[in-house]
1. For segment 42-115, please list each of the strands (runs of 3 or more DSSP E) lying entirely inside it that holds at least 3 residues being surrounded by 15 or more Cβ atoms within 10 Å (Cβ to Cβ).
2. State which residue is farthest from the chain's Cα centre (by Cα) when the search covers only segment 26-41 and only residues that are part of a loop (DSSP other than H, G, I, E, B) and farther than 12 Å from ASN73 by Cα.
3. Quick test of your reading of the structure: MET31 fulfils all but one of (1) out of contact with any Cys (no Cβ under 9 Å at 6 or more places or on another chain); (2) more than 19 Å from GLY100 (Cβ to Cβ); (3) among the hydrophobic types (A, V, I, L, M, F, W, C). Name the failing condition by number.
4. Checking GLN1 against (1) touching a helix residue (DSSP H, G or I) at 6+ places or on another chain (Cβ under 8 Å); (2) under 16 Å from ASP103 (Cβ atoms); (3) of a type outside the set (Lys, Arg), which single condition isn't satisfied?
5. Which one is most open to solvent (accessible area, probe 1.4 Å) among residues in segment 1-25 that are assigned to a loop (DSSP other than H, G, I, E, B) and under 16 Å from GLN107 (Cβ atoms)?
6. Does TYR32 qualify as being open to solvent by 40 Å² or more (accessible area, probe 1.4 Å), under 15 Å from ILE51 (Cα atoms), out of contact with any helix residue (DSSP H, G or I) (no Cβ under 7 Å at 6 or more places or on another chain) and not charged (D, E, K, R)?
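The values are calculated or read from the model by the stated rules, or taken from the named source; none is laboratory data. Because the structure is predicted, anything quoted here is derived from the model rather than measured. Positions of Cβ are generated from backbone atoms using ideal geometry, with glycine treated the same way; all protein chains shown enter the neighbour counts. For accessibility, only protein heavy atoms count, side chains too; no ligands or nucleic acids. Shrake-Rupley method; radii C 1.70, N 1.55, O 1.52, S 1.80 Å.
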Amino acid sequence: QVQLVESGGGLVQPGGSLRLSCAASGSISNMYTMGWYRQAPGNQRELVATITSGGSTNTADSVWGRFTISRDNAKNTVYLQMNSLKPEDTAVYFCSAHRGRLDYWGQGTQVTVSS
């Protein structure tokens, strides 16, 4: 099975940047679609961005142009580069791996955007 561990979260000021990392204990290889989701207090978990094994990406409208998802299969790591951060981006960010019917989730990392 795949175990995912997120890191890189923290407190940043509005307009700042942050880079999240998601390290997989097992090989994600090219068979997994990887994704980032987030959940703010009182809100449902929402999709932020996904990246397929072929490198195709999809980004939510709310973060389009500001967030970029990427992956390094050799390092079994997925990244989320977050720029121009806004207070509304404050949430727990979760990494995910999907392959067919299989779904794996990380424990989440807190991102707080505040002055």
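1. Because the criterion is at least 3 residues that are surrounded by 15 or more Cβ atoms within 10 Å (Cβ to Cβ), the strands (runs of 3 or more DSSP E) in segment 42-115 that meet it are 46-51, 67-72, 77-82, 91-99, 109-113.
2. PRO41
3. (2)
4. (1)
5. Among those residues, the one meeting the criterion is GLN1.
6. Answer is no for this residue.
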